[in-house]
2 protein chains.
Amino acid sequence: MSKELAIGIDIGGTLTKIGLVDLDGTLFGHLDFSTKGYPQVDDYLLELKRKIESLKEQLTFNYEIKGIGIGAPNANYFRGTIEHAANLEWKGVIPFVDKIKNHYQVPIYITNDANAAAIGELIYGDAKNMRDFIVITLGTGLGSGIYANGGLIYGFDSMAGELGHISIEKNGRKDGLGVSGGLEAYVSSTGLKRTIFELLANSVKESELRDYSYNSLHGEIITKAAQDGDEIACAAFEMTGKILGEQLANFVAFSHPEAIFLLGGLAKSGKWIFEPTLRHMEENLLPYYRGKVKLLPSGMMDKNAAILGAAALVWEQQKPGKL
Amino acid sequence: MSKELAIGIDIGGTLTKIGLVDLDGTLFGHLDFSTKGYPQVDDYLLELKRKIESLKEQLTFNYEIKGIGIGAPNANYFRGTIEHAANLEWKGVIPFVDKIKNHYQVPIYITNDANAAAIGELIYGDAKNMRDFIVITLGTGLGSGIYANGGLIYGFDSMAGELGHISIEKNGRKDGLGVSGGLEAYVSSTGLKRTIFELLANSVKESELRDYSYNSLHGEIITKAAQDGDEIACAAFEMTGKILGEQLANFVAFSHPEAIFLLGGLAKSGKWIFEPTLRHMEENLLPYYRGKVKLLPSGMMDKNAAILGAAALVWEQQKPGKL
């Protein structure tokens with residue numbers, strides 16, 4: 001008998017991560033390589049194939065590849081394309097799935113990284129039996145995958161779930177897409193750092209964070225400062241959690257999830273982000289929802305979430321009963 | 001051969017509307033009766049049955065009742081209940097579907113009125129071939145039915161789509177549920193009226209609307225004033241459309257609908273509400289969505305939308321291929 005495996009591929013602006021994963025989430029080999037340095041996508045794909053084959057060669061048992069799942073920025077699930085991704089070298093619309101089909105005759109699925117995270121939560125994480133949940137990824141930006149009615153919400157043209165770019169303040173900070181007051185400009189690892197810098201500018205309070213440049217400051221330093229009782233750090237988490245909690249209350253009124261999962265760098269700050277977020281979410285929920293929507297750390301937090309999320313696409317698409 | 005019919009029932013705070021409807025949306029008899037005056041729900045149900053039977057008696061052809069669809073405030077689709085509806089006389093949780101099953105042995109479906117409106121749009125209106133759309137009902141309040149991935153989004157406990165109660169301004173007007181800055185306090189027939197009164201208070205500009213009491217003012221008068229060039233009326237439509245357009249842009253980032261339909265009293269104001277709403281929606285959409293999301297008057301606007309929406313539940317639930 002041969003083991004069924006999915007190939008999970010996460011394409012980031014800097015690194016591409018690949019792994020061979022079974023239905024239980026066990027990784028049978030994985031590796032990273034630089035996404036950069038391949039101005040022609042076909043050259044990148046040849047390298048990708050070489051890397052996949054090198055992983056397969058290391059397997060010491062019989063196996064069957066059931067499919068390839070890909071998480072990538074600006075991926076269009078319906079068309080199998082990567083479209084105008086600002087942080088990749090390939091311009092325009094890349095027919096990514098069609099190109100990989102030249103190399104592999106298995107089912108191939110692609111979606112954006114936040115959607116892959118949601119499917120990862122469903123297959124490998126803590127949303128296993130849920131029909132309605134939201135995953136929020138809090139890294140450089142804010143990504144979201146919305147699962148409702150037992151399916152991922154893709155929308156008319158595969159662009160649903162862009163909650164990082166909801167405008168929360170007409171004249172607010174510009175986010176990564178130039179949206180004024182875009183949510184991710186406040187709620188993300190970068191957003192937290194921007195809030196720290198705003199607070200450092202607005203007062204002359206002492207803070208251990210005054211010794212860091214913008215580029216050297218990161219989440220772990222801010223969490224450590226909060227643990228030390230640094231007022232600026234604590235206030236920044238409170239502000240961030242307030243904005244996130246208020247918006248989560250709105251998201252609940254939209255799709256009424258059973259749970260909302262937080263994943264990514266900012267989520268690793270633990271209680272510092274969860275406590276104020278939950279408090280402000282509850283304060284702003286309609287009475288009907290109060291106390292009934294779980295706010296949880298992603299079950300993928302300590303796993304290789306990006307590869308597993310991509311691989312999970314294969315199992316989700318091929319699960320019994322799927323139309 | 002007998003004609004297949006659905007019974008559509010819309011339960012409002014004041015009136016209950018009943019009709020017999022075929023799959024094409026033809027009404028074979030309909031009537032209204034007062035919802036009030038039945039402190040015991042069982043008495044109401046007896047009257048409801050009498051009314052249904054009186055409609056059936058008038059039919060002059062062979063027919064088969066395929067099911068009963070009900071639109072009602074605070075209806076829980078999963079449990080078949082009406083729960084704590086503020087504008088009905090029956091307190092607590094009413095097992096409405098179970099009670100009707102004592103009288104009729106056909107499939108019975110219940111959901112809230114805005115969800116029924118969305119299903120009505122799907123079966124009888126202008127969303128016939130759409131898999132992703134939103135219906136916004138603009139009456140006394142703001143209701144919403146969200147259809148995505150080819151299904152209505154009910155959420156974990158049937159309370160998805162409460163977009164009228166999203167808070168758009170922390171210290172803003174209280175809405176019908178006491179939410180500060182709740183969207184429906186600005187965007188609804190009542191919201192428009194409140195805006196008129198705010199504008200009348202904030203300036204001493206002449207306006208034909210200064211001759212109306214709050215209780216006597218309604219949408220048609222405001223639309224007429226706008227047509228006459230009344231500055232207060234025009235400004236109120238602009239403000240209302242601005243707020244709605246901004247929020248629709250956020251809703252698009254959530255579920256990426258192909259179209260958003262407006263229904264109800266305020267939608268009847270036509271260009272006065274559609275023009276500013278579309279303009280502000282487009283201004284606030286992410287570049288990717290611009291020019292691609294249709295803002296349309298509901299195809300149910302001149303039909304008996306409440307009865308048809310309720311009846312449509314039956315056909316939607318029984319369509320071939322439905323799980």
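Per-structure values
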quantity: Close pairs (6 angstrom Cβ cut-off, 6 or more residues apart or separate chains): outside the structural domain of A:I136 (by TED's automatic domain parsing) and farther than 24 Å from B:A85 by Cα in the stretch A:281-298, hydroxyl-bearing (S, T, Y) and surrounded by fewer than 21 Cβ atoms within 10 Å (Cβ to Cβ) anywhere; calculated: none
quantity: Given (1) buried (at least 20 other Cβ atoms within 10 Å of the Cβ); (2) within 14 Å of chain A (Cβ to nearest Cβ); (3) out of contact with any Asp or Glu (no Cβ under 8 Å at 6 or more places or on another chain), number of the condition B:M281 does not satisfy; calculated: (3)
quantity: Number of the condition not met by B:P320 [criteria: (1) part of a loop (DSSP other than H, G, I, E, B); (2) within 11 Å of another protein chain (Cβ to nearest Cβ); (3) without any contact (Cβ under 8 Å) to a residue 12 or more places away in the chain; (4) not charged (D, E, K, R)]; calculated: (2)
quantity: Of residues in the stretch A:154-186 being on the phi < 0 side of the Ramachandran plot and surrounded by fewer than 17 Cβ atoms within 10 Å (Cβ to Cβ), the one nearest to the other protein chains (Cβ to nearest Cβ); calculated: A:L177
quantity: The stretch B:114-129 residues that are over 15 Å from B:G69 (Cα atoms), paired with ones that are of a type in the set (K, R) (beta carbon under 9 Å, 6 or more apart); calculated: B:G125/B:K303
quantity: Options B:A72, B:A85; residue that is within 17 Å of B:L308 (Cα to Cα) and surrounded by 17 or more Cβ atoms within 10 Å (Cβ to Cβ); calculated: B:A72
quantity: Tally of residues being at pLDDT below 95 and over 18 Å from the mean Cα position of the chain (by Cα) across the stretch A:151-171; calculated: 6
quantity: Count of residues meeting criterion [crowded, with 24+ Cβ neighbours inside 10 Å and more than 16 Å from A:L48 (Cβ to Cβ)] in the stretch A:94-111; calculated: 1
quantity: Any hit, the stretch B:239-253, residues being out of contact with any Asp or Glu (no Cβ under 9 Å at 6 or more places or on another chain), farther than 30 Å from A:G164 by Cβ, crowded, with 19+ Cβ neighbours inside 10 Å and among the aliphatic types (A, V, I, L, M); calculated: no
quantity: Qualifying residue in the stretch B:196-204 (condition: within 14 Å of chain A (Cβ to nearest Cβ), in contact (Cβ under 8 Å) with a residue 40 or more places away in the chain and crowded, with 23+ Cβ neighbours inside 10 Å); calculated: no
quantity: Hey, A:I260 part of a helix (DSSP H, G or I) and either of a type in the set (A, V, I, L, M, F, W, C) or surrounded by 17 or more Cβ atoms within 10 Å (Cβ to Cβ) (or both) or not; calculated: no
quantity: Residue list for the stretch B:202-218, filter: within 30 Å of the chain's Cα centre (by Cα) and over 12 Å from B:A233 (Cα atoms); calculated: B:Y212, B:S213, B:Y214, B:N215, B:S216
quantity: Scope the stretch A:14-50; condition loosely packed, with under 15 Cβ neighbours inside 10 Å and not hydrophobic (A, V, I, L, M, F, W, C); matching residues; calculated: A:T14, A:D24, A:T26, A:S34, A:K36, A:G37, A:P39, A:Q40, A:D42, A:D43, A:K49, A:R50
quantity: Yes/no for B:G151 being under 28 Å from A:A160 (Cβ atoms) and within 14 Å of chain A (Cβ to nearest Cβ); calculated: yes
quantity: The stretch A:263-280, residues that are within 13 Å of the chain's Cα centre (by Cα), under 16 Å from A:K242 (Cβ atoms) and either without any contact (Cβ under 8 Å) to a residue 12 or more places away in the chain or not in a helix (DSSP H, G or I) (or both); calculated: none
quantity: Complete set of residues in the stretch A:211-223 that are more than 19 Å from A:T240 (Cα to Cα) and not aromatic (F, W, Y); calculated: A:D211, A:S213, A:N215, A:S216
quantity: Residue within the stretch B:143-165 that is without any contact (Cβ under 8 Å) to a residue 24 or more places away in the chain and more than 30 Å from B:N129 (Cα to Cα) present; calculated: no
quantity: Long-range neighbours under 9 Å by Cβ, at least six apart or interchain, first residue on the phi > 0 side of the Ramachandran plot within the stretch B:84-108, second part of a helix (DSSP H, G or I); calculated: B:H84/A:Y288
quantity: Failed item in (1) away from chain B (no Cβ under 13 Å); (2) under 24 Å from B:G291 (Cα atoms), with A:G143 passing the rest; calculated: (1)
quantity: Test: A:E4 is without any contact (Cβ under 8 Å) to a residue 12 or more places away in the chain, more than 20 Å from A:D98 (Cα to Cα) and either touching an Asp or Glu at 6+ places or on another chain (Cβ under 9 Å) or of a type in the set (D, E) (or both); calculated: no
quantity: Matching option when the condition is over 16 Å from the mean Cα position of the chain (by Cα), closer than 24 Å to B:E316 by Cβ, at pLDDT 95 or above and not acidic (D, E), among B:K17, B:K66; calculated: B:K66
quantity: Single residue of A:I273, A:I221 found to be surrounded by 23 or more Cβ atoms within 10 Å (Cβ to Cβ) and modelled with pLDDT of 95 or more; calculated: A:I273
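The rows are residues; the columns are (1) surrounded by 22 or more Cβ atoms within 10 Å (Cβ to Cβ); (2) away from every other protein chain (no Cβ under 11 Å); (3) at pLDDT 95 or above.
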position	(1), (2), (3)
A:G229	no, yes, yes
A:S255	yes, no, yes
A:G299	no, yes, yes
A:D302	no, yes, no
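The values are calculated or read from the model by the stated rules, or taken from the named source; none is laboratory data. Note that this is a predicted model, so its numbers are computed, not measured. Glycine gets a Cβ as well: all are built from the backbone with ideal geometry, and neighbour counts include every protein chain shown.
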